[in-house]
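Enquirer: Okay, here's the structure, questions in a sec.
The values are calculated or read from the model by the stated rules, or taken from the named source; none is laboratory data. On a predicted model such as this, the values are computed, not experimentally measured, just so you know. All Cβ positions, even for glycine, are placed from backbone atoms using ideal geometry, and neighbour counts span all protein chains on display. Accessible surface areas use protein heavy atoms only, side chains included; no ligands, DNA or RNA. Shrake-Rupley method; radii C 1.70, N 1.55, O 1.52, S 1.80 Å.
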Amino acid sequence: MTIESLRSQPAANSPLYADPSPFALHIIIIGCGIGGLAAALTLSHALPQSQITVLEAAQALTNVGAGIVVSPNASRLLIRWGLGPALADTAVRPEGIVFRRYATGERVGYSRWAERIERAHGAPYLQIHRADYHTLLHGLVAARPNVTIRLAAAVAEVQPEPGVEGGPSVTLKGGEVLEGRPCHRRGWRQEQAYRMIIPTEKMMPDPDLRSFVETPEMTAWMAPNRHLMAYCISGRREYNFVLLHPDDGSVESWTAEGDVEKMREQFADFEPRVQKLMSFVSSTLRWRLMDRAPLDRWIHPGGRVALLGDACHAMLPYRGQGAAMAVEDAAVLGSLLSHLRSLDQLPTFLQAYECLRSAPAVHGDTTVVEPESTDLSHGGRTRAGGERCGYAAGDGDRDSSREGIVVSQLPPPPVGMDDPCKGNPNQWADRSKNEGLFSYDADKEAEKWWMGVGRALLEKS
């Protein structure tokens with residue numbers, strides 16, 4: 001599926017569910033990020049008679065963030081939701097991922113994507129600016145007549161118990177009530193990232209940099225304890241540039257300014273093209289990267305409050321799956337609740353949502369946990385994006401060879417033979433990992449539960 005073929009996909013003008021729920025609820029969504037907007041969209045279609053209120057603490061929706069991946073498990077949903085033509089104008093379809101030695105730029109590994117991804121997984125692998133991603137979803141939600149987005153609406157407390165007078169409620173700071181389980185942080189290989197965006201018009205005049213724009217690829221430069229990721233976004237008008245290294249005292253923030261000169265010093269040993277790219281940068285954001293221990297429960301025992309996205313499964317960005325997992329959550333939740341026919345059924349559907357989205361027995365554990373990280377071996381669909389994918393070598397000797405990163409141009413192995421790429425530190429070359437992650441269809445998984453388990457379960461009750 002080329003960028004041009006995305007333009008021919010149907011636009012958003014039809015219901016998402018053939019037989020939506022006639023039940024009327026007041027659904028409150030806390031947070032107007034990608035996950036919150038995706039949930040507002042699917043739930044507005046699943047329960048068209050319901051009123052959905054999205055609460056956002058920020059005073060305004062601003063262009064926060066930089067480049068973000070839309071892998072096939074998410075792009076198939078966005079296209080299904082009618083965003084194909086809009087993605088054609090804003091996204092970039094990379095031809096592959098290139099691994100390079102940091103000091104020389106020598107190519108030491110490559111995985112072909114483009115049409116191979118689509119043949120293998122049925123949907124494209126795309127790269128987009130997070131602000132564009134958010135804007136596209138916001139446009140769909142804003143067009144829904146049963147959704148209201150409230151800004152400057154910081155939540156102070158939530159009352160989740162259905163038996164309390166007035167039922168479950170949310171209290172805003174200033175007077176309107178969640179006794180949610182706090183998501184306690186636990187560090188895992190704590191790092192920080194410098195994030196910046198370079199206009200590609202600055203790169204095109206330089207013959208050393210032009211190919212990064214003309215041949216859209218994700219490029220990873222690997223060094224001892226550091227790595228750099230870069231790729232085109234915004235229809236190749238911008239170049240997303242992320243430099244990752246061990247944390248040295250950053251703060252947890254989406255908007256903290258970084259020290260450009262310090263950044264250049266920390267990456268001064270990278271090849272000349274990286275130095276040229278850094279020379280275009282006058283300011284940068286400095287993000288702390290933190291993992292979180294998995295939650296035991298995503299659903300309050302009262303059966304009226306559920307967690308979604310980063311609230312229950314925040315993950316490190318090394319496979320770009322944070323937003324994709326939130327979008328999958330929203331799709332599963334919407335698909336399930338489209339079958340809701342009475343309030344008594346709600347706890348059962350929410351438990352099914354938690355099971356489908358978190359149980360390793362359902363999806364298998366697609367995470368490779370590093371030796372020092374055995375505490376975080378909790379499996380499940382939503383741990384799929386946390387591994388580091390062999391980007392950063394642990395020492396200079398390992399980095400000088402990187403034998404494990406192979407060129408992924410091999411045909412599929414014959415039936416009965418092991419895949420020679422299985423277990424490869426270049427996880428994009430590991431077909432078994434990609435199959436479990438990229439071929440997943442959230443809508444189909446939810447409908448499979450409904451047809452195989454849910455319908456009979458609710459008929460008995």
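Enquirer: Would you be able to tell me the number of residues in region 305-325 that are touching a helix residue (DSSP H, G or I) at 6+ places or on another chain (Cβ under 7 Å) and open to solvent by 20 Å² or more (accessible area, probe 1.4 Å)?
Expert: Of the residues in region 305-325, 5 are touching a helix residue (DSSP H, G or I) at 6+ places or on another chain (Cβ under 7 Å) and open to solvent by 20 Å² or more (accessible area, probe 1.4 Å).
Enquirer: Being among the hydrophobic types (A, V, I, L, M, F, W, C) and open to solvent by 10 Å² or more (accessible area, probe 1.4 Å) is the filter; apply it to region 84-106 and report the residue that is farthest from GLU4 (Cα to Cα).
Expert: So the residue we want is ALA103.
Enquirer: Hey, among the residues in region 17-45 that are part of a loop (DSSP other than H, G, I, E, B) and within 23 Å of GLY322 (Cβ to Cβ), which one's least open to solvent (accessible area, probe 1.4 Å)?
Expert: Filtering region 17-45 for residues that are part of a loop (DSSP other than H, G, I, E, B) and within 23 Å of GLY322 (Cβ to Cβ), the one least open to solvent (accessible area, probe 1.4 Å) comes out as CYS32.
Enquirer: Also, quick follow-up: Among the residues of region 158-174, is there at least one that is in contact with a Ser or Thr (Cβ under 9 Å, 6 or more places away or on another chain), modelled with pLDDT under 90 and closer than 22 Å to GLY322 by Cα?
Expert: No, every residue in region 158-174 fails to be in contact with a Ser or Thr (Cβ under 9 Å, 6 or more places away or on another chain), modelled with pLDDT under 90 and closer than 22 Å to GLY322 by Cα.
Each row is one residue, and each column tells you yes or no for (1) among the hydrophobic types (A, V, I, L, M, F, W, C); (2) farther than 30 Å from ARG304 by Cα; (3) outside any loop (DSSP other than H, G, I, E, B).
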position	(1), (2), (3)
ALA103	yes, yes, no
GLY109	no, yes, yes
GLU118	no, yes, yes
GLN127	no, yes, yes
ASP132	no, yes, yes
LEU137	yes, no, yes
VAL141	yes, no, yes
ALA152	yes, no, no
VAL158	yes, no, yes
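Enquirer: Is it the case that VAL141 is in contact with a Leu (Cβ under 6 Å, 6 or more places away or on another chain) and within 30 Å of GLN9 (Cβ to Cβ)?
Expert: Answer is yes for this residue.
Enquirer: Which numbered condition trips up ARG130, out of (1) among the charged types (D, E, K, R); (2) within 30 Å of LEU172 (Cβ to Cβ); (3) in contact with an Asp or Glu (Cβ under 7 Å, 6 or more places away or on another chain)?
Expert: All conditions pass for ARG130, except number (3).
Enquirer: Does at least one position in region 72-95 carry a residue that is of a type in the set (Val, Ile, Thr) and farther than 25 Å from ARG237 by Cα?
Expert: Scanning region 72-95, I find no residue that is of a type in the set (Val, Ile, Thr) and farther than 25 Å from ARG237 by Cα, so the answer is no.
Enquirer: Same structure, new question: If a residue must be open to solvent by 20 Å² or more (accessible area, probe 1.4 Å) and hydrophobic (A, V, I, L, M, F, W, C), how many such residues does region 113-141 contain?
Expert: The number of residues fulfilling the criteria is 3.
Enquirer: What is the residue count in region 293-331 for residues that are under 19 Å from ILE30 (Cα atoms) and of a type in the set (Lys, Arg)?
Expert: Final tally of qualifying residues: 2.
Enquirer: Tally time: how many residues in region 146-160 are open to solvent by 40 Å² or more (accessible area, probe 1.4 Å) and either more than 25 Å from the chain's Cα centre (by Cα) or not charged (D, E, K, R) (or both)?
Expert: Looking only at that region, the number is 7.
Enquirer: How about region 46-65: which of its residues are surrounded by 21 or more Cβ atoms within 10 Å (Cβ to Cβ) and at pLDDT 90 or above?
Expert: Of all residues in region 46-65, those surrounded by 21 or more Cβ atoms within 10 Å (Cβ to Cβ) come to 46-47, 52, 54-56, 65.
Correct list: ALA46, LEU47, ILE52, VAL54, LEU55, GLU56.
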